[in-house]
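Okay, structure first, notes after.
The values are calculated or read from the model by the stated rules, or taken from the named source; none is laboratory data. Here the structure is a predicted model, which means the values were calculated and not measured. Here Cβ is always computed from backbone atoms with ideal geometry, including for glycine, and neighbour counts include all displayed protein chains.
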Amino acid sequence: MKICIIGTGYVGLVTGSCFADMGNDVICVDKDENKIRLLEGGEVSIYEPGLTDLVRRNHEKGRLTFSTDLADAVRQSLILFIAVGTPQDEDGSADLSHVLDVARDIGRAMDAYKIIVDKSTVPVGTADRVREVVGTETTHPFDVVSNPEFLKEGAAVEDFMRPERVIIGTDDVRVAEIMKELYGPFTRTGNPIFIMDPRSAELTKYAANAFLATKISFMNEMANLCDRLGANIEWIRKGIGSDSRIGSKFLFPGVGFGGSCFPKDLAAIAKTARENGYALSILDAVMNANKQQKSVLVEKVLDHFDGDITGKSFAVWGLSFKPNTDDIREAPSIEIVSALLGAGARVSVFDPVAMDNFRSIFSDRVRYVDNAYDAADGADGLLLVTEWNEFRNPDFDRIKELMNTPVIFDGRNQYSRREMKHVGISYYCIGRPKEV
């Protein structure tokens, strides 16, 4: 099929390269000339495992091309995916200005029937607004589809290639068949393609993220209670996760969720609900609990040092909001490091890929090092914030020798309390006052 992807950010580039890998002819469009120039040279600015190879391979085969000419790409393609950003407004709502601007440009460029697909995460009713905007600019026939993405950063290529489900929002049977044909190669193992109305499709994405965020915040609250009761969250996690009605995923406590999806999507759906005369009180509580959770690790630091860390030096391992990405949007590390600095401490940071993004926020207020052990050298405390694989089994004897005072604050419950005691390192985690 002839496909146009408008927006070469995270979602757009993954979507375009995966469609191209299945033999489709894909044009990825972006108004950023420098970004297009880099992509044409095989340079991908987004860190996502497997994406660079996928882009280069399909570009070399001629199935994946890049352009700044939206009008020409629209005319060449049947299916047009809108994959531009929907940043959060000050009131929590999703800013649709980029989506609607693209819709307007599509309408002006159309020369024949087109299928316009909302791939960006958008509020309920966006398909209607896109249809209205395009309709004011063209007399050519078109259909608008809602096709939300369900990509996890760090596993996005795998998620697209082997989706657990595909959601297609359309009221037109013919369009549904075309979209099912497009996604057919990705669902050959039998995972479902759900056809529903556009509004239900739009809400499905928000509902999924809201529910997952709720599971995370619930477990964080239970872990905090465990710290006060002497119970162990690891036993509780296993006990409730074995219940098929609950499941074992997203039950790991930590320092709160971040990223570009959960915080933004929760705020957006809460705002939509308020605009329609309904308060999503559960989600308000989830957002509040997550905000508080980001301070839990620093509270443990302050308690250990009797409330005064002025002049103390701390190592922070992990800056991205989750492993296998360089994304630091809404990352717990930002608030944790800010709190340490605000309390008069010095901070050394290390992350395998997110250092440059972190530097754009903190500049020279922290020390950037080349590896995890350099961060621990001379530190009065070490904070594990993001559970990258390379942090899972470090040399604790070496860490003890490097640190000024050997104490670890484990924000992801990665380490064994028994091993820490054996090595002689003071150890704090979340919800595990006793060893499993």
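Got a number for residues in region 27-47 being touching a Ser or Thr at 6+ places or on another chain (Cβ under 7 Å) and either closer than 27 Å to P352 by Cα or β-branched (V, I, T) (or both)?
Count: 8.
Do we find that R237 is among the basic types (K, R), within 25 Å of C18 (Cα to Cα) and at pLDDT 95 or above in this structure?
Against the criterion (among the basic types (K, R), within 25 Å of C18 (Cα to Cα) and at pLDDT 95 or above), R237 does not qualify.
Test D105 against the stated conditions and say whether it is touching a residue at least 40 places away in the same chain (Cβ under 8 Å) and in a helix (DSSP H, G or I).
In short, no.
Would you check which residues across region 342-358 are closer than 25 Å to L302 by Cβ, outside any strand (DSSP E or B), among the hydrophobic types (A, V, I, L, M, F, W, C) and without any contact (Cβ under 8 Å) to a residue 40 or more places away in the chain and list them?
Across region 342-358, the qualifying residues are A345, F358.
Suppose we filter I328, I334 for residues that are hydrophobic (A, V, I, L, M, F, W, C), surrounded by fewer than 21 Cβ atoms within 10 Å (Cβ to Cβ) and either touching a helix residue (DSSP H, G or I) at 6+ places or on another chain (Cβ under 9 Å) or free of Cβ contacts under 8 Å to residues at least 12 places away in the same chain (or both); which single one remains?
When all the criteria are applied, what remains is I334.
Here is a check on your reading of the model: is K312 buried (at least 21 other Cβ atoms within 10 Å of the Cβ) and charged (D, E, K, R)?
no
Taking the residues in region 271-299 that are farther than 24 Å from D95 by Cβ and in contact with a Leu (Cβ under 9 Å, 6 or more places away or on another chain) as candidates, determine which candidate is surrounded by the most Cβ atoms within 10 Å (Cβ to Cβ).
Result: L297.
Can you tell me which of D410, D397, D370, D377 is under 26 Å from M222 (Cβ atoms) and assigned by TED's automatic domain parsing to the domain that holds A339?
When all the criteria are applied, what remains is D410.
Yes/no matrix, rows are residues, columns are (1) exposed (fewer than 13 other Cβ atoms within 10 Å of the Cβ); (2) basic (K, R); (3) modelled with pLDDT of 95 or more:
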residue	(1), (2), (3)
A375	no, no, yes
D380	no, no, yes
L383	no, no, yes
D395	yes, no, yes
D410	no, no, yes
R417	no, yes, no
G424	yes, no, yes
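If I filter region 123-152 down to residues being among the hydroxyl-bearing types (S, T, Y) and within 22 Å of N209 (Cα to Cα), which single residue comes out as farthest from the chain's Cα centre (by Cα)?
Filtering region 123-152 for residues that are among the hydroxyl-bearing types (S, T, Y) and within 22 Å of N209 (Cα to Cα), the one farthest from the chain's Cα centre (by Cα) comes out as T126.
(1) surrounded by 16 or more Cβ atoms within 10 Å (Cβ to Cβ); (2) farther than 29 Å from N147 by Cβ: which one isn't true of N209, the others all being true?
(2)
Checking the conditions here, which among K249, K291, K215 is within 23 Å of C429 (Cβ to Cβ), of a type in the set (D, E, K, R), within 23 Å of the chain's Cα centre (by Cα) and outside any helix (DSSP H, G or I)?
Step by step, each of K249, K291, K215 is checked, and only K249 is within 23 Å of C429 (Cβ to Cβ), of a type in the set (D, E, K, R), within 23 Å of the chain's Cα centre (by Cα) and outside any helix (DSSP H, G or I).
Being assigned by TED's automatic domain parsing to the domain that holds F150, among the aliphatic types (A, V, I, L, M), surrounded by 17 or more Cβ atoms within 10 Å (Cβ to Cβ) and without any contact (Cβ under 8 Å) to a residue 60 or more places away in the chain: is that true of V99 here?
yes
So in region 165-192, with the set limited to residues that are of a type in the set (S, T, N, Q) and in contact with a helix residue (DSSP H, G or I) (Cβ under 9 Å, 6 or more places away or on another chain), which one is surrounded by the fewest Cβ atoms within 10 Å (Cβ to Cβ)?
The extreme case among them is T187.
List every residue pair whose Cβ atoms lie under 7 Å apart, where the two residues are 6 or more positions apart in sequence or sit on different chains, the first residue falls within region 393-422 and is more than 16 Å from A315 (Cβ to Cβ), and the second residue, located anywhere, is basic (K, R).
Qualifying pairs under 7 Å: N413/R432; R417/R432.
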